[in-house]
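One structure is given here, and the rest of the page talks about it.
The values are calculated or read from the model by the stated rules, or taken from the named source; none is laboratory data. Just so it is clear, the model here is predicted, and its values are computed rather than measured. Heads up, the Cβs are rebuilt from the backbone with ideal geometry, glycines too, and the neighbour counts pull from every protein chain shown. The area values use the complete protein model at the heavy-atom level, side chains included, leaving out ligands, DNA and RNA. Shrake-Rupley method; radii C 1.70, N 1.55, O 1.52, S 1.80 Å.
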Amino acid sequence: MTAGLAESVGRVAVLGRVRAAADRLCTYPFACWHYGDSIGFEGLLAATDLLGDGRYEGFVHGAVKSWIPRAKPYRELDNTAPGYAMCLLYERAGDDAVLEACLDLAGFLTGRRTLAGVYVAFERAPLRAPYGDATLAPDELALLDDPGAGVFVDCLHFDAPFLVKLGQLAGDAQLVAAGVGQALALVELLQQPDGLFAHFYLERTGRTYGHGWGRGQGWALLGLLDVLEHLPEAHTAATDLRAALVRLADALVRTQEPDGHWPTPVADRRSFHETSTASFAAAGLARGAALGLLDASVCATADRAWHASLASVGADGSTAGVSAALWACTAPSHYAAAPVGFQVPWGAGPFLVAARAHLDTDTRSER
């Protein structure tokens with residue numbers, strides 16, 4: 001944690017916000033599974049690490065164990081399952097039932113057809129009309145009725161890290177290869193020339209949409225880090241994936257606003273500052289530097305993002321400025337018009353992960 005932040009808020013007070021945010025997150029109605037569950041569960045595991053309180057890990061363990069008996073038949077939305085967090089849980093708890101459930105889930109996920117090398121998330125993409133007053137062109141209106149299949153940047157936080165980590169745990173090189181393949185294909189399909197990622201790709205139109213969606217950069221950032229952390233440096237894909245990570249990090253450094261936030265879309269400086277983007281960036285940039293995957297110069301950007309993230313969390317653990325679920329929309333204005341003020345896992349989760357990245361764990365003695 002930076003000295004300025006320690007002086008202005010105080011470590012004990014920051015840990016108090018961590019506890020409040022984790023407690024509030026445990027009251028969220030997780031659906032097992034849906035978008036945001038992955039970062040929510042990773043945030044709760046981070047809270048246990050920071051606070052030395054096993055209740056948060058226990059919450060994750062209980063949720064996973066309650067899902068296992070009713071996991072089958074799998075459904076399409078299980079592509080959002082927090083597989084990487086489940087792998088981390090297995091490492092901590094040593095529960096073989098969790099590992100077996102992960103392997104079964106991986107069998108389902110790797111059985112899906114691919115689109116440009118990426119597993120199809122939805123055969124009917126969850127396209128919606130835009131937030132705000134934008135008018136769609138006739139061809140875009142027609143897509144609402146029949147959007148066809150799509151893949152999403154969120155999947156870089158779901159499939160690739162899960163399969164790589166699970167393959168490592170199970171000693172299964174094919175799972176590792178599948179995860180690496182997903183990461184490479186998503187980078188090829190969604191990363192734009194400026195280093196930022198598009199939100200999604202539709203098979204029907206053969207193009208990407210949602211360039212520079214703020215929170216989407218966070219999904220990509222953490223997903224790339226998760227994969228790279230568990231790949232040997234000599235792996236043939238490591239160079240390309242690290243280059244993609246550096247391009248994304250450079251884009252985030254280049255586009256950060258003076259208040260530590262990013263607009264959404266990132267290129268639209270008139271749009272609102274989505275606070276969850278700062279939390280994701282604070283977590284990912286600091287971690288990337290700590291792992292030696294990013295140059296230490298990104299730490300200044302990470303520190304400003306951490307200041308911004310912390311300022312968005314109240315003493316009661318509530319998060320301000322977090323937008324609703326965006327689903328998918330072909331209108332660029334959709335992102336800036338999204339409603340905000342929601343208490344959701346994609347707000348609290350990245351804040352908790354960022355807190356672990358920025359707080360020195362020796363502060364446990366101060367509690």
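If I filter the stretch 34-55 down to residues being without any contact (Cβ under 8 Å) to a residue 60 or more places away in the chain and part of a helix (DSSP H, G or I), which single residue comes out as surrounded by the fewest Cβ atoms within 10 Å (Cβ to Cβ)? Full working, then the answer.
The first filter runs over the stretch 34-55 and keeps only residues without any contact (Cβ under 8 Å) to a residue 60 or more places away in the chain, leaving 34, 45, 48, 53-55.
Right, trim to part of a helix (DSSP H, G or I) and you get 45, 48, 54-55.
Numbers: Leu45: 24, Thr48: 20, Gly54: 11, Arg55: 13.
So, considering only residues that are without any contact (Cβ under 8 Å) to a residue 60 or more places away in the chain and part of a helix (DSSP H, G or I), the one surrounded by the fewest Cβ atoms within 10 Å (Cβ to Cβ) is Gly54.
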_Selection from the stretch 271-297 of residues that are open to solvent by less than 10 Å² (accessible area, probe 1.4 Å) and not in a loop (DSSP other than H, G, I, E, B)_ = Ser276, Thr277, Ala278, Ser279, Phe280, Ala281, Ala282, Ala283, Gly284, Leu285, Gly288
*Please specify each residue of the stretch 133-156 satisfying the condition of being surrounded by 14 or more Cβ atoms within 10 Å (Cβ to Cβ) and either assigned to a loop (DSSP other than H, G, I, E, B) or of a type in the set (D, E, K, R) (or both).*
Ala134, Leu136, Glu140, Pro147, Gly148, Ala149, Val153, Asp154
*Would the stretch 47-68 turn up any residue that is of a type in the set (Ser, Thr, Tyr) and modelled with pLDDT under 95?*
no
*Do any residues in the stretch 169-190 that are within 12 Å of Phe152 (Cα to Cα) have Cβ atoms under 8 Å from those of residues that are open to solvent by 30 Å² or more (accessible area, probe 1.4 Å) and among the charged types (D, E, K, R), where the two are at least six apart or on different chains, and which pairs are they?*
Val187/Asp240
*Are any of the residues in the stretch 159-173 under 22 Å from Pro147 (Cβ atoms) and either out of contact with any helix residue (DSSP H, G or I) (no Cβ under 7 Å at 6 or more places or on another chain) or not β-branched (Val, Ile, Thr) (or both)?*
yes
*Kindly check whether there is at least one residue in the stretch 203-218 that is at pLDDT below 95, among the hydroxyl-bearing types (Ser, Thr, Tyr) and either crowded, with 20+ Cβ neighbours inside 10 Å or under 21 Å from Thr114 (Cα atoms) (or both).*
no
*Kindly indicate whether Ala101 is at pLDDT 95 or above and buried (at least 16 other Cβ atoms within 10 Å of the Cβ).*
yes
